[in-house]
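Colleague: Before I ask anything, here is the structure I am working with.
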Amino acid sequence: MAEKFDHLEEHLEKFVENIRQLGIIVSDFQPSSQAGLSQKLNFIVTGLQDIDKCRQQLHDITVPLEVFEYIDQGRNPQLYTKE
């Protein structure tokens, strides 16, 4: 079961990094960086597809609404399991 989460975590980390890099490219966009922007956008689309594939493996997992409330409050969701 842990492998499912590890796989999802890996894809999410790559996705977040690609989004960060996209922000850098966009913040200082020059016409010469169009190819890099297009490539990064393609990586993001592929990353979303990879994350969606992970969804199929985790369809039977339920997350209590309180965990999302912790996240919305800026708290670490791991604290929920401690309490």
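The values are calculated or read from the model by the stated rules, or taken from the named source; none is laboratory data. All of these numbers come straight from a predicted model, not from anything done at the bench. Virtual Cβ from ideal backbone geometry, glycine too; neighbours counted across all protein chains shown. Each accessible area value is taken on the protein alone, full model and side chains, heavy atoms only, with ligands, DNA and RNA left out. Shrake-Rupley method; radii C 1.70, N 1.55, O 1.52, S 1.80 Å.
Colleague: Being loosely packed, with under 13 Cβ neighbours inside 10 Å and in a helix (DSSP H, G or I) is the filter here, so list the residues in the stretch 27-38 that pass it.
Modeller: Ser27, Pro31, Ser32, Gln34, Ala35, Ser38
Colleague: Pairs, please: C-beta under 6 Å, at least 6 apart or cross-chain, first residue closer than 25 Å to Gln49 by Cβ and in the stretch 18-32, second surrounded by 12 or more Cβ atoms within 10 Å (Cβ to Cβ) and among the hydrophobic types (A, V, I, L, M, F, W, C)?
Modeller: Between residues of the stretch 18-32 that are closer than 25 Å to Gln49 by Cβ and residues that are surrounded by 12 or more Cβ atoms within 10 Å (Cβ to Cβ) and among the hydrophobic types (A, V, I, L, M, F, W, C), the close pairs are Asn18/Phe43; Asn18/Ile44; Ile25/Leu37.
Colleague: What about Lys82, is it open to solvent by 70 Å² or more (accessible area, probe 1.4 Å) and modelled with pLDDT under 90?
Modeller: Yes, satisfied.
Colleague: Please give the number of the condition Gly47 fails out of (1) surrounded by 12 or more Cβ atoms within 10 Å (Cβ to Cβ); (2) over 14 Å from Leu8 (Cα atoms).
Modeller: (2)
Colleague: Given the conditions (1) assigned to a helix (DSSP H, G or I); (2) in contact with a helix residue (DSSP H, G or I) (Cβ under 8 Å, 6 or more places away or on another chain); (3) of a type outside the set (S, T, N, Q), which single one is not true for Asp52?
Modeller: Here Asp52 meets the rest and fails (2).
Colleague: Taking the stretch 64-78, which residues are in contact with a Phe, Trp or Tyr (Cβ under 8 Å, 6 or more places away or on another chain) and open to solvent by 70 Å² or more (accessible area, probe 1.4 Å)?
Modeller: Answer for the stretch 64-78, where residues must be in contact with a Phe, Trp or Tyr (Cβ under 8 Å, 6 or more places away or on another chain) and open to solvent by 70 Å² or more (accessible area, probe 1.4 Å): Glu66, Asn76.
Colleague: Give me the pairs, please: first residue somewhere in the stretch 1-12 and over 15 Å from Arg55 (Cβ atoms) and open to solvent by less than 70 Å² (accessible area, probe 1.4 Å), second residue anywhere and in a helix (DSSP H, G or I) and not aromatic (Phe, Trp, Tyr), beta-carbon distance under 6 Å, and either six or more positions apart or on two chains.
Modeller: Partner pairs satisfying both residue conditions: none exist.
Colleague: Given (1) open to solvent by less than 80 Å² (accessible area, probe 1.4 Å); (2) over 17 Å from the mean Cα position of the chain (by Cα); (3) more than 16 Å from Phe5 (Cα to Cα), where does Ile61 come up short, assuming only one miss?
Modeller: The failed condition is (3).
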